[in-house]
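In what follows, a single structure is set out as structure tokens and then discussed.
Each reported figure results from applying straightforward, stated rules to the coordinates on display, with no laboratory input. Owing to the predicted nature of the structure, the values given are computational and were not obtained by experimental measurement. A quick note on method: Cβ atoms are made from the backbone with ideal geometry, for glycine too, and the neighbour counts reach across all protein chains shown.
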Amino acid sequence: MNRILPTSTSQGANDATRGPGASMYRFLERTADQYMTRAVVTVTREVTLRELEGLFEKHDFNSFPVVEGGKILGIVTKIRFSEGLRLYHGSDGAALR
């Protein structure tokens, strides 16, 4: 049987931390600070795709922030990188001209 827990009152929050699934509710109260990566590896706009390929392999990351002048310009992801390679090489693996 499903039970709906009130979330708008402090009593509801207390019920949620004591009943079934309490650990999930406690987990949801954690902050990003507790899980974020502090030693961030970044790239600049000038990083070559060859260098980026090496970074993906070396660090086994799924993305890198692109930073310039201390500001995040964007994020390059392994999926987008792979899509770019596939589009460049075409479906048969031969480089398109």
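Between Thr37 and His89, how high is the FRET efficiency from 1/(1 + (r/R0)^6) when r is the Cβ-Cβ distance and R₀ = 30 Å? Nearest 0.05.
FRET efficiency, Thr37 to His89: 0.45.
Once phi is turned into θ = phi - 60°, what whole-Hz ³J(HN,Hα) does the Karplus curve with 6.51, -1.76 and 1.60 give for every residue of the stretch 52-67, x standing for Gly and Pro?
My calculation for the stretch 52-67 gives 4, 4, x, 5, 4, 6, 5, 9, 6, 8, 9, 6, 9, x, 9, 10 Hz in order.
If packing is taken as the average number of other Cβ atoms within 10 Å across a peptide's residues, how do 29-42, 61-74 rank, most packed first?
61-74, 29-42
Note down the nm distance, to one decimal, between modelled labels 7 Å out along Cα→Cβ at Glu51 and at Val67.
Calculated label separation equals 1.5 nm.
How large is the Kirkwood hydrodynamic radius of the stretch 35-87, counting all unique pairs of alpha carbons, in Å?
11.6 Å
What is the list of residues in the stretch 40-57 whose amide nitrogen lies under 14 Å from a point 7 angstrom out from the Cα of Arg80, following Cα to Cβ?
43-47, 49
Roughly how big is the stretch 37-97's charge dipole about its Cα centre, with Cβ charges of +1 (Lys, Arg) and -1 (Asp, Glu), in debye to the nearest 20?
140 debye
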